[in-house]
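Have a look at the structure that comes next, please.
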Amino acid sequence: MLNKLLKFFIKQKQNQTDLDRAKSLIDAVDRGGIPLNAARVNAIGRSLGLDVAVSAPMPETIERIRAALERAKS
(Lines give C-alpha, C1' and ligand atoms only; values in the text may rest on other atoms or scores of the structure.)
Protein backbone atom coordinates (compact mmCIF):
# COMPACT_ATOMS: atom_id res chain seq x y z
CA MET A 1 0.00 0.00 0.00
CA LEU A 2 2.75 2.43 0.94
CA ASN A 3 4.64 1.64 -2.25
CA LYS A 4 1.58 2.49 -4.35
CA LEU A 5 1.22 5.84 -2.61
CA LEU A 6 4.90 6.64 -3.05
CA LYS A 7 4.79 5.76 -6.73
CA PHE A 8 1.71 7.94 -7.20
CA PHE A 9 3.29 11.00 -5.59
CA ILE A 10 6.66 10.52 -7.26
CA LYS A 11 4.96 10.17 -10.64
CA GLN A 12 2.98 13.37 -10.07
CA LYS A 13 6.15 15.30 -9.31
CA GLN A 14 7.90 14.03 -12.44
CA ASN A 15 5.05 15.14 -14.69
CA GLN A 16 5.70 18.83 -14.10
CA THR A 17 6.24 20.81 -17.26
CA ASP A 18 9.18 23.15 -17.74
CA LEU A 19 6.91 26.15 -17.14
CA ASP A 20 5.57 24.58 -13.93
CA ARG A 21 9.10 24.06 -12.62
CA ALA A 22 10.01 27.65 -13.49
CA LYS A 23 6.85 29.00 -11.82
CA SER A 24 7.58 26.96 -8.70
CA LEU A 25 11.12 28.36 -8.58
CA ILE A 26 9.97 31.97 -8.97
CA ASP A 27 7.18 31.50 -6.41
CA ALA A 28 9.69 30.12 -3.90
CA VAL A 29 12.09 33.02 -4.51
CA ASP A 30 9.25 35.54 -4.13
CA ARG A 31 8.34 33.98 -0.78
CA GLY A 32 11.88 34.62 0.39
CA GLY A 33 13.51 31.31 -0.42
CA ILE A 34 17.06 31.10 -1.64
CA PRO A 35 17.85 28.38 -4.19
CA LEU A 36 20.86 26.42 -3.05
CA ASN A 37 21.53 24.47 -6.23
CA ALA A 38 22.74 26.72 -9.05
CA ALA A 39 22.87 23.77 -11.45
CA ARG A 40 19.15 23.17 -10.99
CA VAL A 41 18.35 26.85 -11.59
CA ASN A 42 20.50 26.80 -14.72
CA ALA A 43 18.78 23.60 -15.92
CA ILE A 44 15.37 25.23 -15.52
CA GLY A 45 16.58 28.20 -17.54
CA ARG A 46 17.93 25.96 -20.28
CA SER A 47 14.68 23.99 -20.40
CA LEU A 48 12.92 27.27 -21.20
CA GLY A 49 15.28 27.85 -24.10
CA LEU A 50 17.60 30.32 -22.42
CA ASP A 51 21.30 30.26 -23.17
CA VAL A 52 22.68 29.89 -19.64
CA ALA A 53 26.42 29.58 -19.05
CA VAL A 54 27.66 27.25 -16.32
CA SER A 55 29.27 30.24 -14.61
CA ALA A 56 26.18 32.47 -14.90
CA PRO A 57 25.28 34.24 -11.64
CA MET A 58 22.18 32.69 -10.11
CA PRO A 59 20.33 36.00 -9.50
CA GLU A 60 20.79 36.92 -13.16
CA THR A 61 19.46 33.55 -14.28
CA ILE A 62 16.45 33.86 -11.97
CA GLU A 63 15.61 37.27 -13.46
CA ARG A 64 15.92 35.85 -16.98
CA ILE A 65 13.57 33.00 -16.00
CA ARG A 66 11.14 35.54 -14.56
CA ALA A 67 11.23 37.48 -17.86
CA ALA A 68 10.68 34.27 -19.84
CA LEU A 69 7.61 33.49 -17.74
CA GLU A 70 6.26 36.98 -18.38
CA ARG A 71 6.73 36.50 -22.12
CA ALA A 72 4.96 33.13 -21.91
CA LYS A 73 1.93 34.79 -20.30
CA SER A 74 1.47 37.09 -23.28
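The values are calculated or read from the model by the stated rules, or taken from the named source; none is laboratory data. Not measured: the values here are computed from a predicted model. Virtual Cβ from ideal backbone geometry, glycine too; neighbours counted across all protein chains shown.
Would you pick out the residues in the range 42-59 that are closer than 19 Å to Asp27 by Cβ and either loosely packed, with under 13 Cβ neighbours inside 10 Å or charged (D, E, K, R) (or both)?
Pro59, the sole residue that qualifies.
Search the range 40-74 for residues being among the hydroxyl-bearing types (Ser, Thr, Tyr) and assigned to a helix (DSSP H, G or I), and hand back the single one that is nearest to the chain's Cα centre (by Cα). Quick ask: steps written out before the conclusion?
Pass one, the range 40-74, residues among the hydroxyl-bearing types (Ser, Thr, Tyr): 47, 55, 61, 74.
Retained after the next criterion (residues that are assigned to a helix (DSSP H, G or I)): 47, 61.
Details: Ser47: 9, Thr61: 11 Å.
Looking at the filtered set, the residue picked out is Ser47.
Also, quick follow-up: In the range 29-39, what residues are assigned to a helix (DSSP H, G or I) and either at pLDDT below 95 or polar (S, T, N, Q) (or both)?
Ala38, Ala39
Here is a further query. Going by the structure shown, is Arg71 at pLDDT 95 or above and exposed (fewer than 10 other Cβ atoms within 10 Å of the Cβ)?
On the way: at pLDDT 95 or above: no; exposed (fewer than 10 other Cβ atoms within 10 Å of the Cβ): yes.
For Arg71, the condition - at pLDDT 95 or above and exposed (fewer than 10 other Cβ atoms within 10 Å of the Cβ) - is not met.
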